[in-house]
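For reference, the structure is listed below as structure tokens.
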Amino acid sequence: MTIIENKKKILQVIPAMEMGGAEAGTVEISSYMKKKGWDVIVASSGGSLVKKLNLRNISHIKLSLNSKNPLIIFFNIFRIAWIIKKYKIKIVHVRSRAPAWSTYFACSMLRGIKIVSTVHGAYSNQNIFKKIYNSIMLKSVKIIAISNYIKNYLLKNYKFTKKKREKIVIIPRGVDLERFNPKNINSKRLFFLSKLWDLPDGIPVILFPSRIAPFKGHKTLLKAISLLKKELEIKFICLITGLPKKNSNYISEINSIIEDNGLSEYVKFTGSCADMPAAYKISDIVVSPANKPEGFGRIIIESQSMNIPVIASAHGGSLELIKNNYNGFLFKPNNEHDLADKLKYLLFLSKNERDIIIKRANILVRKKYNIDKMCDLNFKLYNSIIN
């Protein structure tokens with residue numbers, strides 16, 4: 001028997017490996033498990049982060065796991081079952097509903113396979129069919145909630161016996177404290193980004209790093225920028241990183257707001273950014289203006305690790321990461337006036353007060369939300385359920 005066959009083996013299942021919190025977590029946890037001697041396989045429809053898996057010698061299998069087509073979901077049952085059998089997988093970790101259905105039935109065809117699921121967001125239960133569709137994430141032996149907010153959402157919306165409640169484990173997301181360390185960002189990286197994005201010298205930079213989607217709050221931010229433009233004499237620029245979904249009309253709606261309010265000199269779309277630590281460091285403020293409650297808030301802890309103050313919507317996982325005017329700032333969701341007030345306040349905050357807030361935020365991130373803690377909790381969870 002070869003050394004590989006003696007290893008504990010895990011299959012990570014995710015719709016795609018593009019930029020995003022769930023996808024980044026897949027790379028981080030897979031890398032950690034690999035270092036711990038496990039054999040790790042990631043199955044997805046592909047994406048830019050597959051390169052990172054390849055660099056870490058983590059196998060990737062391309063399947064159409066990003067599809068919600070019932071026929072494709074059905075055929076994926078047999079494809080996933082084949083992977084499990086071929087590679088002698090012991091644990092399958094799922095992070096999304098459509099591939100979770102395929103995974104559940106694939107594992108039902110085999111013996112002794114344990115499923116772990118991670119719930120990254122609060123799903124909307126518009127009707128009974130949607131609720132049934134969402135409930136597949138609860139059919140695993142362990143359910144990872146990425147925040148207290150997500151755990152409370154699950155308990156409120158689904159029936160759990162006292163014993164089944166024990167299946168829910170809170171494992172917050174973590175930040176790489178070495179990668180997101182301002183001391184480790186050299187001037188060449190900052191100069192490259194500043195030149196690439198044609199940033200003017202000496203004016204404040206507001207950063208919003210996120211995929212471009214309606215619920216992320218771009219419209220609220222742009223309306224706040226419009227209010228600031230009218231009120232403030234100082235110049236500033238707002239950088240929006242990230243990309244929209246293919247064939248999305250949302251970007252045209254955003255551009256209309258920019259054009260109608262004369263914001264072209266105040267807002268710059270950068271596209272995707274491969275060097276987020278440098279992007280944070282050239283910024284003065286980071287904004288997380290989500291209209292809908294988010295499960296956690298990865299950009300919040302990344303910003304705090306980089307010593308950049310954050311303004312976030314006061315709902316969802318953000319409430320666990322930020323105490324208003326203590327280690328960051330919260331504004332009323334969907335309220336551009338409150339966001340504009342918070343931006344103005346922070347732009348004129350004294351260096352001493354700013355440094356105090358930054359220090360508090362950094363201490364909390366290092367203590368509670370570092371990547372090693374997140375990965376180690378996952379590692380212990382996997383070991384606790386494997387035969």
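The values are calculated or read from the model by the stated rules, or taken from the named source; none is laboratory data. What you see is a predicted model, and the numbers here were worked out from it, not measured in a lab. Here the Cβ positions follow ideal geometry from the backbone for every residue, glycine too, while neighbour counts run over all protein chains shown. Ligands, DNA and RNA are stripped out before the accessible areas are found, and what is left, the full protein with its side chains, is counted by its heavy atoms. Shrake-Rupley method; radii C 1.70, N 1.55, O 1.52, S 1.80 Å.
Below is a table of values for the structure above.
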{"item": "Test: residue in segment 120-129 that is among the small types (Gly, Ala, Ser) and open to solvent by less than 30 Å² (accessible area, probe 1.4 Å)", "result": "yes"}
{"item": "Residue check, Lys159 modelled with pLDDT under 95, outside any helix (DSSP H, G or I) and either in contact with a His (Cβ under 9 Å, 6 or more places away or on another chain) or open to solvent by 40 Å² or more (accessible area, probe 1.4 Å) (or both)", "result": "yes"}
{"item": "Hits in segment 283-305 - residues which are among the hydrophobic types (A, V, I, L, M, F, W, C) and under 13 Å from Tyr369 (Cα atoms)", "result": "Phe296, Ile299, Ile300, Ile301"}
{"item": "Given (1) among the small types (Gly, Ala, Ser); (2) part of a helix (DSSP H, G or I); (3) farther than 26 Å from Ser147 by Cβ, number of the condition Ala274 does not satisfy", "result": "(2)"}
{"item": "Residues satisfying the stated conditions in segment 61-76, i.e. buried (at least 20 other Cβ atoms within 10 Å of the Cβ) and within 21 Å of the chain's Cα centre (by Cα)", "result": "Leu65"}
{"item": "Residues of segment 44-58 classified as open to solvent by 50 Å² or more (accessible area, probe 1.4 Å) and either modelled with pLDDT of 95 or more or within 24 Å of Lys246 (Cβ to Cβ) (or both), total", "result": "4"}
{"item": "Residues of segment 201-215 satisfying the condition of being more than 17 Å from Glu302 (Cα to Cα) and not in a loop (DSSP other than H, G, I, E, B)", "result": "Ile212, Pro214, Phe215"}
{"item": "Residue satisfying condition, being touching a Gly at 6+ places or on another chain (Cβ under 8 Å), surrounded by fewer than 17 Cβ atoms within 10 Å (Cβ to Cβ) and not aromatic (Phe, Trp, Tyr), within set Arg189, Arg211", "result": "Arg211"}
{"item": "Unique residue being surrounded by 15 or more Cβ atoms within 10 Å (Cβ to Cβ), among the small types (Gly, Ala, Ser), more than 13 Å from Pro204 (Cα to Cα) and modelled with pLDDT of 85 or more when the list is Gly262, Gly242", "result": "Gly242"}
{"item": "Conditions (1) out of contact with any strand residue (DSSP E or B) (no Cβ under 8 Å at 6 or more places or on another chain); (2) not in a loop (DSSP other than H, G, I, E, B); number of the one not met by Asn57", "result": "(2)"}
{"item": "Residues of segment 354-372 that turn out to be assigned to a helix (DSSP H, G or I) and either β-branched (Val, Ile, Thr) or open to solvent by less than 90 Å² (accessible area, probe 1.4 Å) (or both), as a count", "result": "12"}
{"item": "Of all residues making up segment 277-288, the number that are assigned to a loop (DSSP other than H, G, I, E, B) and either among the small types (Gly, Ala, Ser) or open to solvent by less than 10 Å² (accessible area, probe 1.4 Å) (or both)", "result": "1"}
